[in-house]
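The values are calculated or read from the model by the stated rules, or taken from the named source; none is laboratory data. All values reported here derive from a predicted model rather than from experimental measurement. Heads up, the Cβs are rebuilt from the backbone with ideal geometry, glycines too, and the neighbour counts pull from every protein chain shown.
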Amino acid sequence: MPITTPEFFDAGTLVGVLTTQPLDRVLDYRAPEGGCWRGAFVEVPLGPRKVLGVVWGPGRGDFDASKIRAVNRVLDVAPMRDELRAFIEKAAGYTLTPLPAMLRLATRAPGLGDPPSMRKVYRLGEGEPSRMTEARTRVIDAAREMGGLSLTLKELSEAAGVTSSVVKGLVKSGAIREEDTPRDTAFPRLDPGYGGKDLTEDQAAAAEMLREGQRAGGYETVLLKGVTGSGKTEVYLEAVAEALRAGRQALVLLPEIALSAEFLTRVKARFGARPAEWHSGVTMTERRRVWRMVGEGGCQVVVGARSALFLPFQNLGLIVVDEEHDTSYKQEDGVLYNARDMAVLRASILGCQVVLASATPSLESWANADAGKYKRLVLTSRFGPAVLPEMRALDMRAEKLPAGRWISGTLQRSVNMRLEKGEQALLFINRRGYAPVTLCRACGEQIGCPHCDARMVEHRFLKRLVCHQCGESMPIPEVCPSCEVEGKLAAVGPGVERLAEEAAVLFPEARIAVLSSDLFGTARELKDQVAAIAQGGADIIIGTQLVAKGHNFPLLTLVGVIDADLGLQGSDLRAAERTFQLMRQVAGRAGRAEKPGVALLQTYQPEHPVIRAILAGDEEAFWSAEADERRLAGMPPFGRLAGIILSGGDMAKVFDLGNFLARNDRALRQVGAEVWGPAPAPIARVKGRHRVRLLVKASKGVALQGALADWVAQVRLTGDMRLAIDIDPQSF
Ligand code: ADP
Ligand code: ZN
């Protein structure tokens, strides 16, 4: 997009203000005294209230002029840039989200309306105190030691070992100077020349391609593919360095931000200072600082979760989406958007480079690279002597395990071998809790969630049954809630906690660490645990999906996948893709350092094409076969798909509405799109609400959004009924 100079509106002229309130249009106001810039953050009157808004453009003037009110005040932050306004509009249009809801994502700045908050700092002054005491001398010495630098009251009094009143006393005489400085301070500068590694030939070539793209400027998407440990991070940090050299900012998106301690350390090692963080674990004060500094240029690199995409960067030159295939990039609540796709959109509007990094790219990105829309860079080997682990299937039909046991004899022997050598083993199961099913042996009842179409999962650690859909939980009952027979409830199937129990019996000497998201109170606890394990603080790691992502465990040489078939069940067309990615990723945990690794996959169907593809490690073949199937079916990424989720308390009414939409599909047929359903949604009942889904399918070139908007506009929602549109749904 060409950079246009911001338009200025003189006092009294009509401006259109977009607020974060659920209104369906931009409202006209009069520019305040002193005028305002386009993009200015403003406070406007709305009925009896004052609300936040952004000057979106000139007013429309189709309102009764006498009723138009004036903007109350312009907030003391940099105006929103044209680029971000364009991004918000396009993202809203693509996801069919109302503009105010989209704007809310970009205004999540604590204290946005407040004046920049100041704090008092203290340093050595020129004055002479009338009377010196020992305590006063200590304060002056401490201040002198700081040279010209300022300290807070607390810091200075602690440094001098006195109470704060001693410092205050010196302020009166001018011996210590008290000053106001803005609370939101700039982040330490990152130095692109600080700590680069010697790159391998492969890595250096890839880094140079990224740097070239940076220097050329303009939009490009690069798919950076390379097995885990091949140095993708090292390579894209060179693109970050290039952006820094050009004085531009960089944004790195990570899927599991809670796990980024290791990443932040690496950035610091590369650039000499830590970047800013943006995710739900960041304090309000810090978020406020990041939001402001990003807009004022006091922050060069942000490492964040998907919401960081909506930060008001002053001069963004690079977006990296690490683990681009990760499903957590798709927001499944509120505004439904895929952060990877939105990163590409923002980069294209901004005219900058976006790097999608993955060991196992999504089929979407793979196809885009194939079609020449994305540039592809491939790192083929792991860094150093490390090699990819050997992958083998363990045919569980031959293992003949007794009921209630999940670790096969072969896997047990392999683990023992590692333990003898002082190496680590990882047992992986993608299921939280103790057991997925609680079954009554008297009546056959499986305990379900009272509000959802889901089974209650036993969490022995919490001593409760928990619904993984809505979070409902209850104490583990003694009596079957259905037949009221006592003592017949049994835990069926394995979860990560149960696996830990079995491992404790099989490997009594081993130190076992369990990594599952619900066993950690805070992100910090998890970080500490991961760090301790990496340093050899455990012999056996038992974990869920949480361990599949990006940790380095240098002593780990064996990965045992307890149930490789788990992801292959169900009717989801993406099941194969997901399983392939997950298995490759988990296996990638083994053999990072000098020690070669092995991955053993326990499976009842070793002949399954997906399992065979995983074992063969022939990605190209796997992707081509997957792509052929999707192409034939006209499914994404070769066709377009949208989901409409209808929900409400009354199942019959929800279905009626679904049928109404399915019958009245003229708007869709006009663009050649077809409707499937209504059918129960993948999760058919959540929190007491019944959910029904319609899928809309169209061929690739169709501008589906307009037709969808017209189509759903026929619906009048009454009572508790809701309608949500999910463009590019994750499961189909
Ligand atoms: P990926 O992101 O592809 O999983 P990383 O960039 O994390 O790979 O690299 C894996 C490990 O190898 C890291 O510990 C990294 O520091 C190290 N490494 C990669 N390339 C080099 C290099 N050229 N010199 C030194 N260490 C390297
Ligand atoms: Zn529930």
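Let me confirm something: among Asp76, Asp82, which residue is more than 23 Å from Ser348 (Cα to Cα) and among the acidic types (Asp, Glu)?
After ruling out the rest, the residue left standing is Asp76.
With the condition kept exactly as written, say whether any residue in segment 465-480 is in a loop (DSSP other than H, G, I, E, B), modelled with pLDDT under 85 and more than 16 Å from ligand 2 (Cβ to nearest atom). Walk me through it before giving the result.
Taking segment 465-480 and keeping what is in a loop (DSSP other than H, G, I, E, B), we get 468-472, 476-478, 480.
Checking which are modelled with pLDDT under 85 leaves us with 468-472.
When the remaining residues are screened for being more than 16 Å from ligand 2 (Cβ to nearest atom), the result is none.
No, segment 465-480 contains no residue that is in a loop (DSSP other than H, G, I, E, B), modelled with pLDDT under 85 and more than 16 Å from ligand 2 (Cβ to nearest atom).
In segment 154-176, which residues are within 45 Å of the chain's Cα centre (by Cα) and under 10 Å from Arg123 (Cα atoms)?
Within segment 154-176, Leu156 is the sole residue that qualifies.
For segment 6-52, how many residues are of a type in the set (Asp, Glu), within 33 Å of the chain's Cα centre (by Cα) and in a strand (DSSP E or B)?
Residues of segment 6-52 that are of a type in the set (Asp, Glu), as a first pass: 7, 10, 24, 28, 33, 43.
In the following step, the residues that additionally are within 33 Å of the chain's Cα centre (by Cα) were identified as 24, 43.
Now restrict to residues that are in a strand (DSSP E or B): 43.
Total satisfying the criteria: 1.
If I filter segment 498-507 for residues that are surrounded by fewer than 20 Cβ atoms within 10 Å (Cβ to Cβ), assigned to a helix (DSSP H, G or I), within 16 Å of ligand 1 (Cβ to nearest atom) and assigned by the TED database to the domain that holds Asp563, do I get at least one hit?
Here is the first cut: in segment 498-507, the residues surrounded by fewer than 20 Cβ atoms within 10 Å (Cβ to Cβ) are 501-502, 504-507.
Applying the additional criterion that residues be assigned to a helix (DSSP H, G or I) yields 501-502, 504-506.
Restricting the remaining residues to those that are within 16 Å of ligand 1 (Cβ to nearest atom) gives none.
Among the residues of segment 498-507, not one is surrounded by fewer than 20 Cβ atoms within 10 Å (Cβ to Cβ), assigned to a helix (DSSP H, G or I), within 16 Å of ligand 1 (Cβ to nearest atom) and assigned by the TED database to the domain that holds Asp563, which makes the answer no.
For segment 601-614, enumerate the residues that are in a helix (DSSP H, G or I) and buried (at least 19 other Cβ atoms within 10 Å of the Cβ). Working first, answer last.
So the first thing to find is which residues in segment 601-614 are in a helix (DSSP H, G or I), and the list is 609-614.
Correct list: Val610, Ile611, Ala613, Ile614.
Counting only residues that are among the small types (Gly, Ala, Ser) and outside any loop (DSSP other than H, G, I, E, B), how many does segment 669-688 have? Reasoning before the result, please.
Filtering segment 669-688 for residues among the small types (Gly, Ala, Ser) gives 672-673, 677, 679, 681, 684, 688.
Within this subset, residues satisfying the condition of being outside any loop (DSSP other than H, G, I, E, B) are 677, 679, 681, 684.
The total comes to 4.
Please determine, by comparing only the residues of segment 467-485 that are among the β-branched types (Val, Ile, Thr) and in contact with an Asp or Glu (Cβ under 7 Å, 6 or more places away or on another chain), which one is farthest from ligand 1 (Cβ to nearest atom). Before the answer, list the steps.
Residues of segment 467-485 that are among the β-branched types (Val, Ile, Thr), as a first pass: 476, 479, 485.
In the following step, the residues that additionally are in contact with an Asp or Glu (Cβ under 7 Å, 6 or more places away or on another chain) were identified as 476, 479.
On the way: Ile476: 40, Val479: 50 Å.
Applying the filter and picking the extreme gives Val479.
Among the residues of segment 621-659, count how many are touching a residue at least 24 places away in the same chain (Cβ under 8 Å) and under 15 Å from Trp676 (Cα atoms).
The number of residues fulfilling the criteria is 14.
Surrounded by 17 or more Cβ atoms within 10 Å (Cβ to Cβ), in contact (Cβ under 8 Å) with a residue 40 or more places away in the chain and away from ligand 2 (no atom under 16 Å from the Cβ), is that true of Ile447?
Values: surrounded by 17 or more Cβ atoms within 10 Å (Cβ to Cβ): yes; in contact (Cβ under 8 Å) with a residue 40 or more places away in the chain: yes; away from ligand 2 (no atom under 16 Å from the Cβ): no.
So Ile447 fails the test.
For segment 634-668, how many residues meet the condition of being touching an Asp or Glu at 6+ places or on another chain (Cβ under 6 Å) and either surrounded by 17 or more Cβ atoms within 10 Å (Cβ to Cβ) or not in a loop (DSSP other than H, G, I, E, B) (or both)? Can you show your working first?
Kept after step one, since they are touching an Asp or Glu at 6+ places or on another chain (Cβ under 6 Å), are these residues of segment 634-668: 637, 643, 648-649, 667.
From the residues that got through so far, the ones that are either surrounded by 17 or more Cβ atoms within 10 Å (Cβ to Cβ) or not in a loop (DSSP other than H, G, I, E, B) (or both) too are 637, 643, 648, 667.
Qualifying residue count, segment 634-668: 4.
What helices (runs of 4 or more DSSP H) lie completely within segment 65-180 and have 2 or more residues being among the polar types (S, T, N, Q)? Write out each step before concluding.
On the way: elements: 82-95, 99-106, 134-145, 153-160, 164-173.
Result: 164-173.
Take the residues of segment 380-394 that are surrounded by 15 or more Cβ atoms within 10 Å (Cβ to Cβ) and at pLDDT 90 or above: which is farthest from ligand 1 (Cβ to nearest atom)?
Ranking the candidates gives Leu394 first.
So if I check each of Arg73, Arg25, Arg30, Arg69, which one is of a type outside the set (Phe, Trp, Tyr), within 26 Å of Arg288 (Cα to Cα) and either crowded, with 17+ Cβ neighbours inside 10 Å or not assigned by the TED database to the domain that holds Arg306 (or both)? Show your work before the answer.
Values: Arg25 fails: within 26 Å of Arg288 (Cα to Cα); Arg30 fails: within 26 Å of Arg288 (Cα to Cα); Arg69 fails: within 26 Å of Arg288 (Cα to Cα).
Only one candidate passes the filter, namely Arg73.
Across segment 264-313, what is the number of residues that are outside any loop (DSSP other than H, G, I, E, B) and more than 27 Å from Glu238 (Cβ to Cβ)?
Step one: of segment 264-313, the residues outside any loop (DSSP other than H, G, I, E, B) are 264-271, 276-278, 284-296, 301-304, 306-310.
So of that shortlist, the ones also more than 27 Å from Glu238 (Cβ to Cβ) come out as 284-289, 291-292.
Result for segment 264-313: 8.
Restricting to segment 535-545, give me the number of residues that are modelled with pLDDT under 85 and not hydroxyl-bearing (Ser, Thr, Tyr). Before you say what the answer is, go through the steps one by one.
Here is the first cut: in segment 535-545, the ones modelled with pLDDT under 85 are 544-545.
With not hydroxyl-bearing (Ser, Thr, Tyr) added as a condition, the list becomes 545.
Residues meeting the conditions: 1.
Would you mind telling me which numbered condition in (1) of a type in the set (S, T, N, Q); (2) in a loop (DSSP other than H, G, I, E, B); (3) in contact with a Leu (Cβ under 8 Å, 6 or more places away or on another chain) Thr221 fails?
(2)
Scanning for something assigned to a loop (DSSP other than H, G, I, E, B), at pLDDT 90 or above and assigned by the TED database to the domain that holds Met583, does segment 511-522 turn up at least one residue?
As a first pass, look at segment 511-522 and keep what is assigned to a loop (DSSP other than H, G, I, E, B): 511, 516, 520-522.
Narrowing further to those that are at pLDDT 90 or above: 511.
Still in the list and also assigned by the TED database to the domain that holds Met583: 511.
The answer is yes, given that some residue of segment 511-522 is assigned to a loop (DSSP other than H, G, I, E, B), at pLDDT 90 or above and assigned by the TED database to the domain that holds Met583.
Taking the criterion of being surrounded by fewer than 17 Cβ atoms within 10 Å (Cβ to Cβ) and at pLDDT below 90, would at least one residue in segment 406-414 satisfy it?
no
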